[in-house]
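In what follows, a single structure is set out as structure tokens and then discussed.
The values are calculated or read from the model by the stated rules, or taken from the named source; none is laboratory data. Since the structure is predicted, the reported quantities are computational estimates derived from the model, not experimental observations. Heads up, the Cβs are rebuilt from the backbone with ideal geometry, glycines too, and the neighbour counts pull from every protein chain shown. Surface accessibility is based on the protein's heavy atoms, side chains included, excluding ligands, DNA and RNA. Shrake-Rupley method; radii C 1.70, N 1.55, O 1.52, S 1.80 Å.
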Amino acid sequence: MPIVELTCISCPLGCPLKVETDDEGRVLSVTGNTCKRGEAYGRKEVTAPTRTVTSTVRLLGGSAPVVSVRTREDIPKGKIFDVMAEIRAAAVTAPVHIGDVVISNIAGTGVDLIATADREGI
Amino acid sequence: MEHDIVIIGGGPAGLAAAISAKEAGAGDILILEREKELGGILNQCIHNGFGLHTFKEELTGPEYAARYISRVRELGIPCLLSTTVVDLQRDRDGLTVTSVSRQDGLLQTRAKAVILAMGCRERPRGALNIPGTRPAGIFSAGTAQRLVNLEGYMPGRRVVILGSGDIGLIMARRMTLEGAKVLCVAELQPYSGGLKRNIVQCLNDYDIPLKLSHTVVDIRGRERVTDVTIAEVGPDLRPIPGTEEDYECDTLLLSVGLLPENELSRAVGVELAPVTGGPIVNESLETNIPGVFACGNVLHVHDLVDYVSQEAAGAGRNAAGYALGGRASGGAGIPIVPAGAVRYTVPCTVDPARMDDELVVRFRVGRNMRKAAVTLKAGGRELISRKRPVMAPGEMEQLTIERVWLTGSEESLTLEAREEE
């Protein structure tokens, strides 16, 4: 049976986890954790890991060359580089404000990319 | 004219101090900030994970800063931007802050109280004694962060990172996302100084190797870095001959520690602590110079901005109390002596007559520990003992002490961390 080794990040303890799965990727067991949060983390990391992506998008007509952005929620970990490809090709025109949608439904994830800083026009 | 409080620095510490000082009744506050906008280092920290304690949600640095900046604006607290403070002096009647800026030239400002909130800076290559040539392509991790995140400029394509502090880890991911190849992160110590979460999400996610007990022993290149040599180090932290490996790269990032920025503190005669590099402060976060308070990374380097904001709010309240005349100043309190694995405490002394009902004492330990306990004693008497399943040098600890424990006692306090037997 495949076994994945992880470091739990639910708290500063950093327990070393071993997650055993069957051949279809279903979790059979989580060991090495010292609390319930560790088990949940191990299950999610192996079956459906997600991350928030933060980056910058080119800014046109603004007081700075770029504006910082993030995905409003987590996206699947496997989509990080698809999300980055769209971010790197994008540009947005000032003014931009915190929470403005910069790219909607980025890389087909169903999650919007939003601005995380205010940039006025010049 | 004289201000109640002048705050030097408009980053997270200065902003939180200004808000709490205003809310505590100080009428006339001025923030001096050398950058062209408020927010300090948070503006370039575009990653998420800020504010979990304060706002119960994960914000990015600029979003966290924006919440404090809009509160400062609501309260109508004036700020001078692009203004660099160059001197601070005390005389019998108060404090003089000297600053320069393009718009105002040389400006002298009088204040009843000053809050030091200048933050810290990165340890540079010059402090490391790495042999080799001096080509372009060597950046501190924070400089690279500023170039990428604020100026939209990629400093390199093939990157080696020395030091596994959080900024180095964050930049390993950031450079990777922007298309660079990060070859490895080398760390002199046998453990990382960064948060576990960052090791997992910034290195493991992108298969970037973390080489513990390794350091850079040579840098080569004429105009630009062409390669660096990394070697393993022994328990004495000296390179082991025969373990050298070459990495072809155009960029070396350094994430090798942060130093509180205390030139102005020295100018006014503030006494500094050798361990933290920051001012020695009492329970009010006041230095040995009456009316001069300190908070945030200029006082001691933090790992979470939430704790900077909490600490700075305390400094702001106390400075307001001082400026309005209600709070006694100076005078030696009871010393808090670090023992066992505790390296330092902030504050260094506590005066039970002046402290609030509760006081948060922040500290760091000098080594990784498991199944440990933190114990506060007055003389030989134990006041409180708290278990800690794990403690690490990279994670700041805190213990809350209550005034009632100290009333009537003048014995010095000892804060000790040790493994349980």
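Once B and A are treated as a pair rather than alone, how much accessible area drops out, both sides summed, in Å² to 100, probe 1.4 Å?
Numbers: alone 18790 and 7300 Å², together 23740 Å².
So the total buried area for this chain pair works out to about 2400 Å².
Given Cα pairs under 8 Å that are at least 6 residues apart, what percent is the relative contact order of segment A:54-115? Display every interim value, and only then the final one.
Values: 105 pairs, mean separation 23.7, N = 62.
Reported relative contact order: 38 percent.
Using DSSP loop states and a limit of at most 15 other Cβ atoms within 10 Å to flag trypsin sites (Lys or Arg not before Pro), what is the longest stretch of chain B containing no flagged site? Provide the component values of the computation, followed by the final result.
Values: sites that count: B:36, B:56, B:92, B:102, B:157, B:222, B:367.
Longest stretch, sites excluded: B:223-366.
Mind checking the mean number of beta-carbon atoms from other chains within 10 Å of the Cβ atoms in A:93-103?
On the way: counts 0, 0, 0, 0, 1, 7, 1, 0, 0, 0, 0.
Averaged over the peptide's residues, the number is 1.
So what is the 222 nm mean residue ellipticity for chain B from helices alone, if each DSSP H run of at least 4 adds -39500 (n - 2.57) and you divide by all residues, rounding to the nearest 500 deg cm²/dmol? Before the final figure, lay out the partial values.
Working: 7 runs with 75 residues, N = 421.
Result for chain B: -5500 deg cm²/dmol, rounded to the nearest 500.
Sort B:55, B:50 by accessible area with a 1.4 Å probe, largest first. Walk me through the intermediate numbers first.
On the way: B:55 65, B:50 30 Å².
From most accessible down to least: B:55, B:50.
If I fit a long axis through the Cα atoms of helix B:12-23 and take the longest principal axis of the Cα atoms of chain B, what angle between them do I get, 0 to 90°, rounded to 10?
Compared with the principal axis, the helix lies near 20 degrees.
Suppose the Debye formula is applied to equal point scatterers at every Cα of the protein assembly as shown; what is log10 I(q)/I(0) at q = 0.06, 0.08, 0.09, 0.13 Å⁻¹?
-0.32, -0.58, -0.74, -1.45
Taking Cα centroids, how far is segment A:1-69 from segment B:291-334 in Å?
That distance is 38 Å.
Determine the share of the protein assembly as shown's accessible area contributed by carbon and sulfur atoms, expressed in whole percent, with a 1.4 angstrom probe. Numbers along the way, then the final one.
Details: 11890 of 23740 Å².
The nonpolar share, carbon plus sulfur, comes to 50 percent.
Sorted by accessible area with a 1.4 angstrom probe, largest first, how do A:116, B:54 fall? Don't skip to the end; give the middle numbers.
Details: A:116 0, B:54 55 Å².
Solvent-accessible surface, decreasing: B:54, A:116.
What relative contact order, as a whole-number percentage, does segment A:3-48 give when Cα pairs under 8 Å and 6 or more residues apart are counted? Please report the intermediate quantities before stating the final value.
Working: 76 pairs, mean separation 15.8, N = 46.
Result for segment A:3-48 is 34 percent.
How much net charge surrounds residue A:116 when only the other residues with a Cβ under 9 Å from the Cβ of residue A:116 are counted, with Lys and Arg +1 and Asp and Glu -1?
Values: positive: A:70; negative: B:63.
In short, 0.
Leaving out ligands, DNA and RNA but keeping every protein chain, what accessible area does residue A:120 have, in Å² rounded to the nearest 10, with a 1.4 Å probe?
It works out to around 100 Å².
Give me a comma-separated list of calculated 3J(HN,Hα) values for segment B:195-208, in order, Karplus coefficients 6.51, -1.76, 1.60 applied at θ = phi - 60°, integers in Hz, x for any Gly or Pro.
6, 3, 3, 6, 5, 5, 7, 9, 9, 4, 4, 10, 6, 8
What share of the DSSP beta bridges in chain A is antiparallel, in percent to the nearest 5? Write out the running numbers ahead of the final one.
Details: 23 of 26 bridges.
Beta bridges within chain A, antiparallel portion: roughly 90 percent.
With every protein chain kept in place and ligands, DNA and RNA left out, what is the accessible area per residue of segment A:54-115? Probe 1.4 Å, answer in Å². If you can, show how the numbers build up before the last one.
On the way: 2650 Å² over 62 residues.
On a per-residue basis, segment A:54-115 sits at 43 Å².
Order the following by accessible area, largest value first: B:240, A:114. Probe radius 1.4 Å; ligands, DNA and RNA are ignored. It would help to have the intermediate numbers written out before the result.
Details: B:240 65, A:114 5 Å².
Accessible-area ranking of B:240, A:114, largest first: B:240, A:114.
About the Cα centre of chain B, what is the dipole size in debye to 20, counting +1 per Lys and Arg Cβ and -1 per Asp and Glu Cβ, all else neutral?
With only Lys, Arg, Asp and Glu charged at Cβ, the dipole is about 260 debye.
Hey, what's segment A:3-48 come to in accessible area per residue, 1.4 Å probe, Å²? Walk me through the numbers before you get to the answer.
Values: 2730 Å² over 46 residues.
Ligands and nucleic acids excluded, the figure is 59 Å² per residue.
Indicate the residues belonging to segment B:182-204 that lose 40 Å² or more of solvent-accessible heavy-atom surface (probe 1.4 Å) upon moving from the chain alone to the assembly of all protein chains, ignoring ligands and nucleic acids.
Listed by number, the residues meeting the 40 Å² cut-off are B:196, B:200, B:201.
Got a sec to turn the phi values of segment B:377-389 into Karplus ³J(HN,Hα) couplings, 6.51 cos²θ - 1.76 cosθ + 1.60 with θ = phi - 60°, whole Hz, x for Gly and Pro?
Per residue, the Karplus-derived 3J(HN,Hα) values read 10, 10, x, x, 8, 7, 8, 7, 9, 10, 6, 10, x Hz.
Take every residue in peptide B:205-211, count the Cβ atoms of other chains within 10 Å of its Cβ, and give the average of those counts.
Details: counts 4, 2, 0, 0, 0, 0, 0.
Counting other chains' Cβ atoms within 10 Å and averaging over B:205-211 gives 1.
Angle check, please: helix A:36-47 long axis (alpha carbons) against the longest principal axis of chain A (alpha carbons), in degrees 0 to 90, nearest 10.
70
Nearest 10 degrees is fine. How inclined is helix B:61-74 to the longest principal axis of chain B, computing both from alpha carbons?
The two axes meet at around 20 degrees.
Using the heavy atoms of the protein chains and a 1.4 angstrom probe, tell me the accessible area per residue for chain B in square angstrom.
On the way: 17620 Å² over 421 residues.
In whole numbers, chain B has 42 Å² accessible per residue.
Once Lys and Arg get +1 and Asp and Glu get -1 on their Cβ, which of A:34, A:91, A:56 lies farthest toward the positive end of the dipole of segment A:15-122?
Selected residue: A:34.
Quick one: what do you get for segment A:54-115 if you divide its Cα Rg by 2.2 N^0.38 Å?
Details: Rg = 11.0 Å, N = 62, 2.2 N^0.38 = 10.6 Å.
Here the Cα radius of gyration is 1.04 times the empirical estimate.
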